[in-house]
Amino acid sequence: MDTSLEPPNKIITPKSIRTEKPPKMKSVIHRSLLKNKLLALMLVSIAFFSTQLAAQEQPGKAAGIPVPQGLANPKVGESAQNGQDDSGTKKKMARDYVKGAVLTPAQEKTVLELAKQRGLKKVAKIYTYYLQPTQARGIGVIEEAKIKGRDVSYMALEVRYKNWWHPNASPGKGDIKIGDFWAGKPRAEKHKILKVNMKKIWVRSINGLQVDQCEQILQQLMAKKFVLEPGVNKETMQQVDLTRPKSFSKRGEEVAIDFQHKTSDSEFFSLQIKPSKEQLSITQLLHAIF
């Protein structure tokens, strides 16, 4: 079973949201309408980010933490902690620690005990991250994923360490505490598997579209079968990692797809696309920085 998991993007507080400036137009009315459209799209993005961040400290809700990249592009043949790959080789629990947030073996044992008490059966990975722009550091635990057809599900847990989290922070009602570590309730994560060019790509959500429609659009994007509408910057488009989609959503006659930045884990893009069997038209490009 394909269950390799990699760490999430380092996070998480939005610093700014930019949109590509449309070219100057002679018509003041046309320019005003375009400006209003960009403002509306920007407000929608801000509302989405605010919802994600608000859920971060609420037990049982998806925190404002991006999906681990391993879930978007799992490595074929790998399984979770103490499992085996296709060749029969045992695989150990994976770790991904940022500088300044490395757990000792004794601390790992405490984190794993918290995960066990919170119901995680087989831990596949432990990771740490910075809650930017603060110096607060968090700990994440992901259990072995369950795959059924195109559906993927797993439990994820956020663990707090007193010396790493916000000053004067303390466990909330119902949290389980062991020493200086505590954890609330785990959250359930669900994903869909897309198959494009013989590769499996895991995406967090698909709204208003069928899996095969998403696969067709993604295949066209990877094959460069698209044109950029006026106002979409070509250089910025080259920074979009078209092999790492995060979500698909149908909006009227167009489709919005979120993608990761090619080199930065703290940036992503939202593309507004007008689908066509022959060639896609990218009508809007939003750039979000965390």
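The values are calculated or read from the model by the stated rules, or taken from the named source; none is laboratory data. Just so you know, these numbers come straight off a predicted model, no measurement behind them. Using ideal geometry, Cβ is built from the backbone for each residue, glycine included, and neighbour counts are taken over all protein chains shown.
Could you count how many residues in the stretch 147-165 are of a type in the set (Lys, Arg) and surrounded by fewer than 14 Cβ atoms within 10 Å (Cβ to Cβ)?
1
Which condition from (1) assigned to a strand (DSSP E or B); (2) over 30 Å from Val111 (Cα atoms); (3) not charged (D, E, K, R) is the one that Ile193 breaks?
(2)
Could you please find all residues in the stretch 166-196 being under 22 Å from the mean Cα position of the chain (by Cα) and either of a type in the set (Phe, Trp, Tyr) or loosely packed, with under 14 Cβ neighbours inside 10 Å (or both)?
Hits for the stretch 166-196 are Ala188, Lys190.
Pairs, please: C-beta under 6 Å, at least 6 apart or cross-chain, first residue under 17 Å from Lys200 (Cβ atoms) and in the stretch 231-260, second part of a loop (DSSP other than H, G, I, E, B)?
Between residues of the stretch 231-260 that are under 17 Å from Lys200 (Cβ atoms) and residues that are part of a loop (DSSP other than H, G, I, E, B), the close pairs are Asp241/Lys262; Lys246/Arg204; Ser247/Arg204; Phe248/Leu209.
Please go through the stretch 200-239 and pick out each residue that is in a helix (DSSP H, G or I) and more than 15 Å from Lys277 (Cβ to Cβ).
Selection gives Val211, Met222, Lys234, Glu235, Thr236, Met237.
Filter the stretch 115-132 down to the residues that are in a loop (DSSP other than H, G, I, E, B) and polar (S, T, N, Q) and list them by number.
Selection gives Gln132 alone.
Filtering the stretch 229-265 down to residues that are of a type in the set (Ser, Thr, Tyr) and over 12 Å from the mean Cα position of the chain (by Cα), which residue is surrounded by the fewest Cβ atoms within 10 Å (Cβ to Cβ)?
Thr263
Among the residues of the stretch 240-261, are any over 25 Å from Val211 (Cα atoms), at pLDDT below 95 and either in the same structural domain as Glu215 (by TED's automatic domain parsing) or not in a strand (DSSP E or B) (or both)?
No - not one qualifying residue is present in the stretch 240-261.
Take the stretch 164-190 and flag every residue that is farther than 16 Å from Leu112 by Cα and in a loop (DSSP other than H, G, I, E, B).
Of everything in the stretch 164-190, those that are farther than 16 Å from Leu112 by Cα and in a loop (DSSP other than H, G, I, E, B) turn out to be Trp164, Trp165, His166, Pro167, Asn168, Ala169, Ser170, Pro171, Gly172, Lys173, Gly174.
Return yes when Ser270 is closer than 17 Å to Leu209 by Cα, of a type in the set (Ser, Thr, Tyr), touching a helix residue (DSSP H, G or I) at 6+ places or on another chain (Cβ under 7 Å) and assigned to a strand (DSSP E or B) and no when it is not.
yes
Identify all residues within the stretch 104-127 that are buried (at least 20 other Cβ atoms within 10 Å of the Cβ) and under 16 Å from Asp180 (Cα atoms); write none if there are none.
Answer for the stretch 104-127, where residues must be buried (at least 20 other Cβ atoms within 10 Å of the Cβ) and under 16 Å from Asp180 (Cα atoms): Val111, Leu114, Ala115.
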